[in-house]
1. Do you know which residues across the stretch 99-139 are more than 14 Å from ligand 1 (Cβ to nearest atom) and among the hydroxyl-bearing types (Ser, Thr, Tyr)?
2. Identify, please: which residue in the stretch 95-113 is farther than 16 Å from Val67 by Cα and in contact with an Asp or Glu (Cβ under 9 Å, 6 or more places away or on another chain) and is, among those, surrounded by the fewest Cβ atoms within 10 Å (Cβ to Cβ)?
3. Looking only at the stretch 211-227, how many residues end up being in contact (Cβ under 8 Å) with a residue 24 or more places away in the chain and assigned to a loop (DSSP other than H, G, I, E, B)?
4. Being out of contact with any Leu (no Cβ under 9 Å at 6 or more places or on another chain), within 13 Å of ligand 2 (Cβ to nearest atom), of a type outside the set (Ser, Thr, Tyr) and over 23 Å from Val273 (Cα atoms) narrows it down to one residue among Asn200, Asn148; which is it?
5. Go through the residues of the stretch 9-28 one by one and say whether even a single one is more than 9 Å from ligand 1 (Cβ to nearest atom), over 21 Å from Leu261 (Cβ atoms) and either assigned to a helix (DSSP H, G or I) or in contact with a Leu (Cβ under 8 Å, 6 or more places away or on another chain) (or both).
6. Test of understanding: among Leu240, Leu245, Leu261, which residue is within 23 Å of Cys36 (Cα to Cα), touching a residue at least 40 places away in the same chain (Cβ under 8 Å) and within 16 Å of ligand 1 (Cβ to nearest atom)?
7. Could you tell me which of the residues Cys127, Cys116 is under 23 Å from Lys69 (Cβ atoms) and either within 16 Å of ligand 2 (Cβ to nearest atom) or of a type outside the set (Phe, Trp, Tyr) (or both)?
Amino acid sequence: MPDSILLTGGSGFIGSHIAVEVARAGHRPVVLDNLCNSKAGVIERLARIIGRPIDFVQGDIRDGAVVRKVIRDFGITRVIHLAGLKAVGESMSMPLAYYDNNVVGTLRLLEAMNDCGVRSIVFSSSCTVYGDPQRLPLTESHPLSSANPYGQTKLTIELMLRDLARSDDRWHICLLRYFNPVGAHESGLIGEDPNGIPNNLMPFVLKVAAGQFKELGVWGSDYPTPDGTGVRDYIHVVDLAVGHLRAMERLGDMRCEAINLGTGQGSSVLDVVKAFERVNAVRVPYTLKDRRPGDIAACWADPALALQRLGWKTERTLDDMCRDAWKWQLSSGGS
Ligand code: NAD
Ligand code: UD1
């Protein structure tokens, strides 16, 4: 009997890639998404990749009745919880919307799960919970902090989940702290589809390469890094999705554990630009600009715990990320 796995936010960038891996592993992914940052067309494209229709309910995690109904109707046994708002800048101008969607939303979801006797959950956390790194690579024991409401919501949810696990040993919880997910499915059918002008590096590089923007602004060239530009741990979204599958499979052995999902390797902004140009034979004009307020110089993961606890490590390279992201851009027209 396949397990029915609830994917909140499952039509978004990361959730859609997880749906593919969950289905490929023989489980039944059930997507609950209010489509505030994704489109229903993703569900049809998922069906093309998977080769069969996918269960989708349009609804909000803050609506406990809807969540309970989905859990009961589909016989859900485990939850991968991705639904939430994720734009740092927007969180600074709309903090209440972020606390409501992310923190209250998670609270309602957990209440509904508890009511239905489903107490296994993988949560989408972020390396943003480490704040400005005191030492690199970042291990899970690094002190936690956050400088913006988005990060605060992730920290608050982590604390809430830890308290829950302490209160009742029937809960099995994994907090996955992602580094910088980029790339797309190799089919070119699903990928990241940000609204408006992208804030993040890879989506902006795609728009410049496609000629939709004249040039990339490189935010800061005087960081204490090898080429002066910011360094991050970019991880292919399919590797990230496989990491969720491994975490879900090991939930039974966990009470509440935080695990980094990253490659363990840092790449600078210029490393990304050069790799992208080389792999795709396109030009990405750029100009060096001032630092972006709030940015850190460098950040990369120690992924040892993920290998030890999940038997997982990344397989895809920065070249793969650039190639698959470009394939998605070309096939979607950056829709
Ligand atoms: P995304 O915006 O593409 O996906 C999130 C999905 O959740 C969207 O489809 C949106 O419509 C849905 N959603 C939002 N609020 C909802 C609600 N109240 N009820 C139901 N659905 C709702 O984002 P993503 O990049 O796929 O990120 C997924 C998760 O991973 C988020 O929680 C995000 O904070 C976290 N995360 C993302 C990154 C990243 O760089 N992309 C890094 C670290 C952590
Ligand atoms: C983003 C999130 C952070 C999250 C992290 C991992 C923001 C502000 N922060 O940060 O909360 O934890 O992803 O997913 O969104 N850059 C440019 N030009 C651009 C865009 C970016 O030079 O047009 C540089 C940045 O200065 C940085 C690097 O590229 O050095 C990566 O930036 P970005 O993709 O926004 O990710 P993070 O800054 O790591």
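The values are calculated or read from the model by the stated rules, or taken from the named source; none is laboratory data. Every value quoted in this text rests on a predicted model; they were computed, and no experiment measured them. Counting neighbours? That spans all protein chains shown, and the Cβs are built from the backbone with ideal geometry, glycine included.
1. Ser120, Thr139
2. Within the stretch 95-113, the first condition is being farther than 16 Å from Val67 by Cα, and the residues that meet it are 95-100.
Filter again for in contact with an Asp or Glu (Cβ under 9 Å, 6 or more places away or on another chain), leaving 97-98.
Details: Ala97: 13, Tyr98: 25.
Step by step, filter the stretch 95-113, then rank; the result is Ala97.
3. Filtering the stretch 211-227 for residues in contact (Cβ under 8 Å) with a residue 24 or more places away in the chain gives 212, 214-227.
Applying the additional criterion that residues be assigned to a loop (DSSP other than H, G, I, E, B) yields 212, 214-215, 220-227.
The number of residues fulfilling the criteria is 11.
4. On the way: Asn200 fails: over 23 Å from Val273 (Cα atoms).
After ruling out the rest, the residue left standing is Asn148.
5. The answer is no, given that none of the residues of the stretch 9-28 is more than 9 Å from ligand 1 (Cβ to nearest atom), over 21 Å from Leu261 (Cβ atoms) and either assigned to a helix (DSSP H, G or I) or in contact with a Leu (Cβ under 8 Å, 6 or more places away or on another chain) (or both).
6. Details: Leu245 fails: within 23 Å of Cys36 (Cα to Cα); Leu261 fails: within 23 Å of Cys36 (Cα to Cα).
Step by step, each of Leu240, Leu245, Leu261 is checked, and only Leu240 is within 23 Å of Cys36 (Cα to Cα), touching a residue at least 40 places away in the same chain (Cβ under 8 Å) and within 16 Å of ligand 1 (Cβ to nearest atom).
7. Numbers: Cys127 fails: under 23 Å from Lys69 (Cβ atoms).
Of Cys127, Cys116, the one residue that is under 23 Å from Lys69 (Cβ atoms) and either within 16 Å of ligand 2 (Cβ to nearest atom) or of a type outside the set (Phe, Trp, Tyr) (or both) is Cys116.
Matching residues to (1) surrounded by 21 or more Cβ atoms within 10 Å (Cβ to Cβ); (2) over 30 Å from Gly117 (Cβ atoms); (3) touching a Leu at 6+ places or on another chain (Cβ under 7 Å); (4) not hydroxyl-bearing (Ser, Thr, Tyr):
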residue: Pro181; (1), (2), (3), (4): yes, yes, yes, yes
residue: Ser187; (1), (2), (3), (4): no, yes, no, no
residue: Ala210; (1), (2), (3), (4): no, yes, no, yes
residue: Lys214; (1), (2), (3), (4): no, yes, no, yes
residue: His236; (1), (2), (3), (4): yes, yes, no, yes
residue: His244; (1), (2), (3), (4): yes, no, yes, yes
residue: Met254; (1), (2), (3), (4): no, no, no, yes
